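Chemist: Can you read through this structure? Questions will come right after.
Bear in mind that the values in this text are calculations on the coordinates, not laboratory data. Only a predicted model underlies this, so the values are computations on that prediction, with no experimental measurement involved. Here the Cβ is made from the backbone with ideal geometry for all residues, glycine too, and neighbour counts use every protein chain on show.
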Amino acid sequence: MDKLVACQTCGLIQEVDDVPKDSVIKCARCNFQIFHRRVNSRARTLAFSLAALILYFPSNIYPIITADYQGQHVQTTIFQGIRSLFERHQYFIGSLMFCTSILTPVLKIIGLIFITLTLDWTCWKKTRTWIFKVIRIIDPWNMLEVFLLAICVSMVELGEVATVHPGRGVFAFAACVVLTLLATLSFDSRLLWDSPEEKKHYE
Amino acid sequence: MNEETHTLPKAKMGKSRFNWFLWFIPMAAALLCAWYVCQDIIFVGPTITIYFQNAEGLQEQNSLVQYRGVKIGEIETLKLTQDRQQVGVKVQLDTSAASIAQKGSVFWIVRPELKLGAVSGLRTIVLGNYIAVQPGHGARTNIFIGVENEPIEPIQALDILLLAAKLDSLQPQSPVFYRGVKVGEVLDCRLSDDARKVLVQARIDQNYAPLVRMNSKFWNAGGIDFHLGLFSGAKLTAESAQTLISGGIAFATPPDFKEVATNGTVFSL
């Protein structure tokens, strides 16, 4: 493959021999890892998105917010929060929350898993590209998940006697968000149009 | 310049570590999931249903079941029974309180109460009504009938019955005095079966139980005594400030002690 590589850290241009599997190249000067492609992209993406998919269920089933408000002990899951938004006729925020915290994460996770699993298939190449396009489109909306907690907190109408603390599902939820992020980060889109022998080399 | 490009440094090779580590991430996620499920299935006590006449103030997913001031369960759902006569309260008990689900356990709803001379359940005004329980010791069961009020605890005390011509201002929790010292209280007041007398059930604390003899005399100490004598002048007495409002009973025992009264002894007021 490419013989010349510039170190991303110190900028030193250096020659690279053929890289055997399960080894990494390191810069001759600064000893930082250098790579053409994201390392181990396919396996990483698959591992991260699998983990995210597994944690997606508890994060939606278990309450992420527990609030003690005027003696009421309220536990809210994401879905209940959205439903109560709809009940208060906050259709816009409700559907935004539904899209950003329930719909897009699962679409993205399943899309990534599908792409990484079917990468060896010669057919469906167009579908994979299309899925990747969709993932790219919904990606920025995913980031809104970060604001979900803020919305939830305002939803229980913080009063003077209210205490809001994270529920059981919040760890799964946070982990799911982070893992989805890592999965997207570790996915190298060039895998999508690699030729078979390139594939062997870069996976 | 051209020569320098030929003497480019060679990049170093290194073993890539942590590749095997990668698959621990989904495994850890699966373990976390399994832990959640375990918590739901294994580390959760039994679900019981309590039927109340009136579940006022209870909330689904919200209200608690408490015993000795500690949360031992949560209310899952409230449902009207088929015949609309009762409310079925489904309660998820904690594991630590699994032994509550035994025959003989008595459940009641604690509400804020404002009675003369006594205020109870003040906490519930802020924290919401909750279900309290008195554990039983029977066989395991999941269905209970809730009672309206806190059951009278079978504590060590002397329970006596007083027959009065009329109730005056007596009510449950009115005090019973001996020489002005509160030694007990009224538990319950009701009409006798033939409605000719009022039955007042009173409880004397165990410490003072020997004071009640078969020849003790009880009288109603409620309200104000007003004496107007030619030589003694006007005299206004009341047993205590509390009796002014909630009434009370006083008793005295003559010096010639008879045998000690037993539970259920009947005196006239």
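Chemist: List the pair-distance distribution P(r) of chain B, using every Cα-Cα distance, as the percent of pairs falling in each 10 Å bin from 0 up to the bin containing the longest distance, rounded to whole percents.
Modeler: Pairs per bin, as whole percents: 6, 19, 19, 18, 13, 7, 5, 4, 3, 2, 2, 2, 1, 0.
Chemist: I would also like to ask the following. Say a site is exposed when it is one of the chymotrypsin sites (Phe, Trp or Tyr not before Pro), sits in a DSSP loop, and has at most 12 other Cβ atoms within 10 Å; what is then the longest site-free stretch of chain B?
Modeler: For chymotrypsin sites (Phe, Trp or Tyr not before Pro) (loop position, at most 12 other Cβ atoms within 10 Å), the longest site-free span of chain B is B:44-230.
Chemist: What stretch of chain B, leaving out the sites themselves, is the longest with no trypsin sites (Lys or Arg not before Pro) in a DSSP loop having at most 15 other Cβ atoms within 10 Å?
Modeler: After excluding every exposed loop site, the longest remaining stretch is B:104-165.
Chemist: May I ask you to compute the full-extension gain from A:Thr9 to A:Leu185, defined as 0.36 nm times their residue separation minus their alpha-carbon distance, rounded to one decimal in nm?
Modeler: The span from A:Thr9 to A:Leu185 would gain 61.5 nm if fully extended.
Chemist: Let me ask something else. Between B:Asp188 and B:Arg84, 0.36 nm times their residue separation minus their Cα-Cα distance comes to what?
Modeler: 34.4 nm
Chemist: Does anyone have the angle between helix B:24-41 and the longest principal axis of chain B? Alpha-carbon axes, 0 to 90°, nearest 10?
Modeler: It works out to around 20 degrees.
Chemist: Under a GNM of chain B (C-alpha, springs under 10 Å), which listed residue has the highest mean-square fluctuation: B:Val70, B:Val106, B:Val44?
Modeler: Highest fluctuation of the listed residues: B:Val70.
Chemist: I've got another one for you. Would you check chain B for Lys pairs whose C-alpha atoms are within less than 26 Å, ignoring same-chain pairs closer than 8 in sequence, and give me the count?
Modeler: For chain B, the number of qualifying lysine pairs is 21.
Chemist: If you put +1 on each Lys and Arg Cβ and -1 on each Asp and Glu Cβ, how big is the dipole of chain B around its Cα centre, in Debye rounded to 20?
Modeler: The calculation lands at about 360 debye.
Chemist: Next up: List the GluC sites (Glu not before Pro) within the stretch B:41-112 that DSSP assigns to loop and that have no more than 16 neighbouring Cβ atoms inside 10 Å.
Modeler: B:Glu56, B:Glu60
Chemist: Starting from the Cα-Cα distance between B:Lys71 and B:Trp35, subtract it from 0.36 nm times their residue separation and give me the gain in nm to one decimal.
Modeler: Result: 10.7 nm gained on full extension.
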